[in-house]
Structure formats: C-alpha cells, structure tokens
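Novice: Let me begin by handing over the structure; questions about it come next.
Laboratory data are not the source of any read-out in this text; all were calculated from the coordinates shown. Please read all numbers here as calculations on a predicted model, not as lab measurements. Heads up, the Cβs are rebuilt from the backbone with ideal geometry, glycines too, and the neighbour counts pull from every protein chain shown.
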Amino acid sequence: MLFEVRPEVGRLDYMPGQFVEVSLPGVGEAPISICSAPGRGESFQMLVRKTGRLTAALHALPEGARLGVRGPYGTRFPVGDDMKGRDALFVAGGIGLAPLRSAILYVLERRADYGRVTILYGTKSPAERLFTRDLAAWAARNDVQFLETVDRAEPPWTGNVGVITTLIPRARVDPARVVVAACGPPIMYKFVLVSLHALGVAHTQIFVSLERRMKCGVGKCGHCQINGLYACLDGPVFRYDRIADMQEAI
Amino acid sequence: MSIGQLDVETLCAWVDALARAETVYAPQARGDRFVYDRLRRAEDLRLDHDVTLLPPKKYFLPPRERLAQFDGTGAARSVLDETPFVLFGVHPYDVAAIAQADAYYLKENPDAHYAARRRGAVIVACDVQAASSSVFAACMGTAVAREGFDLLLTRVDGAYVADARTPAGEALLARAGRLSKADAVALGRREQVWQDALKFLRRHELKCRPADLPGLLTRSYEHAAWEKRSERCHSCASCVLVCPSCFCFDVQDDTGWDLCSGERCRRWDACLLRDFALVADTTSARTAWSAIVTASTARASTCTTASASWPASAADAASPPAPRALPIPSSSTTPCWRTDHAGLRLRRGEGPLPFAAGRPAAQDPCHRPRDAL
C-alpha cells in the first residue's frame with residue numbers, strides 16, 4: 001500500500017535512499033524507506049508491504065490518520081554526487097524498487113545532468129510488479145533504457161522471463177563510467193554483483209541498499225550492526241567496496 | 001582535588017549519612033552472591049565483594065526503561081529520569097565498562113535517557129579487596145582505575161584513602177567531616193595495592209595484547225572455537241545480561257488496560273538471540289549462525305536441568321567456580337582479608353595474601369557486617 005504522508009509542521013528534508021522510523025503508539029515502530037523524490041511539496045511517500053504487526057496496523061488505518069515519524073535517517077544513493085555526469089544503472093528486485101524509485105525519479109527530473117540511464121527491474125511474477133504507472137512511463141521514454149523480467153510468467157505476460165541477471169548484459173552503459181544503484185533481496189545481490197564484475201564494473205562504482213532491523217535509527221540499539229558498521233548510520237546505502245570483504249553483509 | 005584518609009568508623013558514619021540523605025546503590029550480599037542494590041545502612045555495604053551478579057550498568061541502562069508515555073489521543077511525551085544517585089563501591093573494571101558505555105551513548109547522537117541518568121550519578125570507585133576466582137582485569141588493563149569516577153577509595157592498613165577527582169566527588173567527601181591527611185606511608189601503601197592488583201587480578205591469562213583482540217576476532221570469524229562454544233549454548237542470552245559492557249536494546253510498546261494509553265519502553269536485548277537481526281521478510285542476516293544456534297537449542301531442549309526462568313539462568317551464568325587460593329607472593333606483607341578453609345568466612349588479618357576470594361557470609365552467625373568494610 002502506498003502512503004502519502006504530510007508532516008503537521010514543516011516538511012521532511014530527505015534524499016533518495018534514506019528511511020524514516022514510522023510509529024503507531026501502542027503498536028510499535030519500524031523503519032520504512034521513502035519512495036518519493038525529494039522536493040515534491042510538503043508530503044512524501046512510503047510503500048509498505050503488510051508483513052508484521054506495525055505494517056498490518058498501518059494498512060488498517062483510515063485516510064487522514066496520524067502517525068509518528070522520526071527521520072530521515074541513513075545514507076543516500078549517490079544521485080547528487082558520484083552519479084552526476086556519468087551513466088546511471090538502476091537494478092531493482094521486488095520491493096527493492098521502493099527506495100530506488102526515489103533515486104530514479106530524482107535522476108529523471110534532472111535527466112540532462114546524467115549520461116545514459118538504464119533501469120532493470122525483476123519480480124517473481126507479473127502480479128508482484130509495483131508502481132506499474134511509473135514502469136509504463138519509464139518504458140515509454142526515449143532517453144531511458146527500461147528492461148524488466150519476471151521469474152515465472154503468467155498470462156497475459158509476454159515480456160522477459162528469467163532472473164534479473166539475464167538483463168545486465170543488455171544494459172547499454174559504459175562499464176568504465178557507470179554508477180550502479182541496486183536494491184533487492186540478498187540473493188539478488190550475490191548474482192548481480194558477479195554479473196557486474198563480469199561486465200567490468202568496479203566495486204567503487206556500485207551502491208547497494210541493505211535491509212536490516214534498524215530499530216532505533218541512531219546507532220544505539222545494535223540491531224542493524226554489520227560488524228563495525230551500522231546500517232542506520234553508515235547505510236542503508238553502502239558503496240560496495242566498503243562491505244565487500246565483510247562477513248554477513250551480503 | 002583532595003586526598004584524605006578515613007578510618008572505618010568515619011566511613012560507616014559517612015555512608016550511613018549518605019544512605020539516609022541520597023539514593024545510594026552499592027554492593028551487598030544476597031545469599032551466597034553479591035548484588036548492587038539500594039543501600040539503606042552502612043553495615044550492609046560490602047566493599048569486600050568479589051563480583052556482583054549484574055554489573056552496575058543497570059543504573060544507567062535499566063533492564064526495562066520507560067522512554068515515552070502516550071494517551072488515547074495519540075499524543076506522546078518523552079520521559080527522562082533525572083533522579084540523582086550515588087553509585088558506591090564500583091570496581092575499576094566496572095568503572096572501565098561505564099566509561100565504554102559513556103563513549104557509546106554520549107559521544108555520537110547522545111542518548112537523552114542515558115545522559116539524564118549519567119548526569120545525576122556520582123561514582124565512588126573502590127579498589128578490589130577480594131578477587132573473583134574468574135577475574136582477568138589485569139590482562140585487560142582495567143585492574144586499576146585512573147579515571148572515570150568521582151571518588152576513589154582504597155583500603156590500606158585498616159583505613160581508606162579517599163581520593164576525590166571531580167567537584168562532585170569533592171562535595172561528597174566533604175560530607176564525611178574532617179578527614180585525616182593521607183600521609184606518604186598511606187599513599188605508598190596505596191601504590192602497593194595498585195601494583196598487587198596489576199599482578200594478581202589475572203586468574204585467566206590473555207595470550208595477546210588487548211589491542212590485538214579486534215583484529216584477532218575479525219580474522220577468526222569461521223574459527224572452530226565458535227562452533228565448539230555453541231554446543232554448550234542454550235541461547236538464553238544470560239551472558240549478555242551479566243556483561244558489563246553489552247549495550248543492545250529492544251524497544252516495545254506496552255499498552256494499558258484501556259488499550260489506548262501506554263508507554264514505549266526499551267529492554268536489554270542480546271545480539272546472540274536468534275531473532276535479533278530478523279527483518280520483515282523473516283530472513284536473518286545471520287542465517288549461517290542461526291543454523292548453529294538452532295542445532296544447539298535442539299540439544300538444550302533435551303536437557304532437563306536447563307534453567308527455565310531468566311533471572312535464575314542469569315544467576316547460573318554468573319556463578320563463579322568454587323573459590324581457590326590465589327598465588328601468594330612471598331615478599332608482600334600487605335594487610336588483607338583471608339578466607340578460611342571453607343572459603344566462606346572472611347577474616348581480617350596481616351598476611352601475605354593480597355587478595356582474598358571474597359564470598360558473602362550473611363548466613364554465618366559469626367559474620368560481623370562492619371568487618372566487611
């Protein structure tokens with residue numbers, strides 16, 4: 001479910017890749033990534049899948065209900081720095097599209113600032129495709145290469161079938177000057193990283209967003225610790241070379 | 001800052017006055033163990049404790065701490081506990097653990113709840129008089145405290161050298177009345193106590209320098225030792241409860257009877273628990289590790305002696321092995337506490353043993369609590 005959240009006072013000053021801690025008194029608090037592009041008025045958007053107690057309670061809220069929001073927290077995709085002036089490759093798996101959508105919309109709003117832009121999106125089945133209106137809009141653009149695939153096809157799906165790595169060799173980007181932003185399940189990273197390596201993309205050009213249990217958001221509770229790093233402070237977006245040799249990171 | 005000397009009578013009068021006027025937490029005997037608890041009178045104070053069941057971190061990071069309160073309207077307000085207190089008789093290694101927690105909770109993104117408690121605390125450290133049979137502080141460089149406290153007490157020649165290091169410590173010490181001057185002999189004795197601590201608070205030897213530990217652990221990620229340890233692990237997290245420097249917490253909402261009002265609380269949590277790193281899609285970043293724990297949990301469930309309740313299992317984990325005699329330096333004549341053969345009763349005496357293995361003697365009819373000071 002897509003939530004449009006409007007702060008009662010001021011506005012949330014965030015960048016793509018960051019997250020907020022959303023809370024309902026009596027139910028609890030959970031980290032949710034922001035899926036809208038910054039600078040779009042007073043509100044921001046979050047895509048929430050119903051998987052636990054808090055997300056179930058969020059789904060049951062009526063329109064206009066109040067929530068508690070802390071944030072924004074965490075690091076950002078390098079849309080405002082490393083990626084500028086270079087090719088951009090977005091690799092999204094399943095609900096990993098949510099935080100990446102923020103980065104994609106940001107880049108497309110400033111399209112002239114970037115080189116070639118390629119978006120790869122993979123889901124398990126056609127029914128699980130998210131933001132279908134955005135997907136159609138990206139597919140229709142001439143200045144964006146948009147490729148998507150599903151693991152299992154179901155009628156009336158006529159598109160690509162197979163895992164997302166099958167799309168990577170088709171990306172029209174220059175491996176030497178591309179910056180990759182990826183978000184998806186851990187298993188996706190394992191194979192995507194191998195494919196990117198085969199393409200000749202250096203670890204320093206790859207940015208991944210890791211899902212962890214970011215309970216406090218301020219580097220205190222210990223739940224999102226990856227060795228000496230905190231996903232809530234040093235992540236959730238990590239440049240891959242910084243975590244490549246780290247146990248339990250991916 | 002001032003250094004003075006307190007005889008035991010003056011110390012008792014001072015502690016009694018503090019316990020009446022302030023909230024004082026100090027080590028006391030409970031059964032055959034020591035615990036930190038609210039001190040009501042000086043004779044309950046056991047400065048001769050070896051190790052407490054739970055470390056004093058519980059006063060800065062309580063096992064359950066209220067962070068905020070909310071009512072039925074959805075409005076919430078933060079709750080800060082700023083009640084001042086005196087933490088009395090803290091051993092140097094616990095002082096080091098508090099300093100570590102300070103660095104973690106106060107430096108980057110300071111934690112308001114921890115900071116409020118810490119601001120109101122006066123720490124009275126005390127050099128170790130009775131060594132735990134499992135002590136290894138000297139190997140870690142924490143046998144003697146150089147900083148991180150307001151006031152340091154060191155027992156020398158049947159009296160205490162009191163060394164105030166901060167204005168708060170100075171003010172607290174001023175309430176003891178007129179102090180006698182700590183002369184060069186007393187200070188020399190204190191130096192000897194520190195030297196002994198460095199020598200003898202090491203029942204377990206570290207085979208490397210403490211500074212090498214982080215690198216060593218990083219390189220030993222897949223070491224067979226972990227799997228071997230996990231075979232004895234019941235996944236109860238008691239080791240985390242008794243650890244003076246573990247700091248992880250969980251945050252939960254507790255709802256009142258009206259199902260609307262309630263409070264947001266944090267509780268101690270343990271990174272060794274299987275669900276600690278669990279995320280929304282029910283996968284854990286620690287899959288491989290979880291598999292090991294699952295295996296050991298399955299083994300533990302067949303063990304009929306496994307403790308069922310948390311406090312009991314915490315006590316089990318904290319139980320030191322039976323006291324054994326410590327190495328006896330032949331040249332030292334430092335006054336000390338000696339244990340009798342049963343290892344239960346403490347006696348004051350001149351002897352070559354710098355650190356006795358102290359155990360509470362509350363059940364002992366011969367026990368005179370003031371002697372414990």
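Novice: Just the number: Rg to Rh for the stretch B:117-235, Cα atoms, Kirkwood Rh, two decimals.
Specialist: 1.11
Novice: For chain A, what are the DSSP H helices with axial Cα length of 18 Å or more and mean Kyte-Doolittle hydropathy of at least -0.5?
Specialist: Values: long enough: A:186-199 (20 Å, 1.43).
Span-like helices here: A:186-199.
Novice: So what is the orientation-averaged projected area of the stretch B:1-78, using the convex hull of its C-alpha atoms, in nm²?
Specialist: Details: hull surface 34.6 nm².
In nm², the orientation-averaged hull projection of the stretch B:1-78 is 8.6.
Novice: When only Cα pairs under 8 Å and 6 or more residues apart are kept, what is the percent relative contact order across the stretch B:3-207? Numbers along the way, then the final one.
Specialist: Values: 351 pairs, mean separation 48.7, N = 205.
Value for the stretch B:3-207: 24 percent.
Novice: While we're looking at this one, here's another question. Where both partners of a DSSP beta bridge lie in chain A, what percent of those bridges are antiparallel, to the nearest 5?
Specialist: So the antiparallel bridges amount to about 45 percent of the total.
Novice: If you find the alpha carbon centre of the stretch A:1-51 and of the stretch A:75-89, how far apart are they in angstrom?
Specialist: 22 Å
Novice: Can you give the mean number of other chain Cβ atoms that lie within 10 Å of the Cβ atoms in peptide B:59-72? Don't skip to the answer; put the middle values down first.
Specialist: Details: counts 0, 0, 0, 0, 0, 0, 0, 0, 0, 3, 1, 5, 1, 2.
If you average over the peptide's residues, the count of other-chain Cβ atoms is 1.
Novice: Within 15 Å, Cβ to Cβ, of B:ALA75, how many net charges do the neighbouring residues add up to if Lys/Arg are +1 and Asp/Glu are -1? Before the final figure, lay out the partial values.
Specialist: Working: positive: A:ARG66, B:ARG77, B:ARG264; negative: A:GLU8, B:ASP71, B:ASP253, B:ASP258, B:GLU263.
Summing Lys and Arg as +1 and Asp and Glu as -1 gives -2.
Novice: Separate question: Enter the mean number of other protein chain beta carbons within 10 Å of the beta carbon of each residue in A:220-232, as an integer. Can you show the working numbers first?
Specialist: On the way: counts 12, 9, 11, 10, 3, 5, 2, 3, 2, 0, 0, 2, 1.
The per-residue average across the peptide is 5.
Novice: I would also like to ask the following. Holding the Cα-Cα limit at 21 Å, pick out from A:LYS190/A:LYS220; A:LYS124/A:LYS215; A:LYS220/B:LYS57 the pairs that are longer than that. If you can, show how the numbers build up before the last one.
Specialist: Details: A:LYS190/A:LYS220 29 Å; A:LYS124/A:LYS215 28 Å; A:LYS220/B:LYS57 15 Å.
As for pairs spanning more than 21 Å Cα to Cα, those are A:LYS190/A:LYS220; A:LYS124/A:LYS215.
Novice: Across the stretch A:77-85, in residue order, what do the Karplus-derived ³J(HN,Hα) couplings come to in whole Hz, using 6.51 cos²θ - 1.76 cosθ + 1.60 with θ = phi - 60° and x for Gly and Pro?
Specialist: Each residue of the stretch A:77-85 in turn: 5, x, 5, x, 9, 3, 7, 4, x Hz.
Novice: As a test of the formula, what do you get for chain A when each DSSP H run with n ≥ 4 contributes -39,500 (n - 2.57) and the sum is divided by the residue count, at 222 nm and rounded to the nearest 500 deg cm²/dmol?
Specialist: Numbers: 4 runs with 43 residues, N = 250.
It lands at -5000 deg cm²/dmol.
Novice: How many Cβ atoms of partner chains, on average, are near each residue of B:244-255 if near means within 10 Å of its Cβ? Show your work: numbers first, answer last.
Specialist: Values: counts 0, 0, 1, 3, 7, 6, 6, 8, 2, 9, 1, 3.
The per-residue average across the peptide is 4.
Novice: A follow-up question, please. What is the sum of charges around A:ALA176, taking Lys and Arg as +1, Asp and Glu as -1, for the other residues whose C-beta is under 11 Å from the C-beta of A:ALA176? Can you show the working numbers first?
Specialist: Details: positive: A:ARG86, A:ARG177; negative: A:ASP87, A:ASP174.
Its environment carries a net charge of 0.
Novice: Sort B:209-216, B:155-162, B:174-181 for me by packing, meaning the mean count of neighbouring Cβ atoms within 10 Å per residue, highest on top.
Specialist: Ranking, from highest mean packing down: B:155-162, B:174-181, B:209-216.
Novice: Let me ask something else. For the ranges B:116-124, A:153-161, what's the packing order if you count other beta-carbon atoms within 10 Å of each residue, average per peptide, and put the highest first?
Specialist: Taking the mean over residues of other Cβ atoms within 10 Å, the ranking is B:116-124, A:153-161.
Novice: Okay, next question. I'd like the per residue volume of the convex hull spanned by the Cα atoms of the protein assembly as shown, given in cubic angstrom.
Specialist: On the way: hull volume 124.7 nm³, N = 623.
Taking only Cα atoms, the protein assembly as shown has a hull volume of 200 Å³ per residue.
Novice: While we're here: Rounded to the nearest 5, what is the percent of antiparallel bridges among the DSSP beta bridges in the protein assembly as shown? It would help to have the intermediate numbers written out before the result.
Specialist: Details: 61 of 97 bridges.
In the protein assembly as shown, approximately 65 percent of DSSP beta bridges are antiparallel ones.
Novice: Let me ask another. Over chain A, calculate the relative contact order: mean separation of alpha carbon pairs under 8 Å at least 6 apart, over the residue count, as a percent. Don't skip to the end; give the middle numbers.
Specialist: Working: 502 pairs, mean separation 47.5, N = 250.
Contact order relative to length: 19 percent.
Novice: How would you order A:203-211, B:223-231, B:194-202 from highest to lowest mean count of nearby Cβ atoms within 10 Å?
Specialist: Working: A:203-211: 21.8, B:223-231: 11.3, B:194-202: 19.4.
So the peptides A:203-211, B:223-231, B:194-202, ranked by packing, come out A:203-211, B:194-202, B:223-231.
Novice: P(r) for the stretch A:78-242, please, calculated from all Cα pair distances in 10 Å bins and given in %.
Specialist: For the stretch A:78-242, the binned pair fractions read 10, 39, 35, 14, 1 percent.
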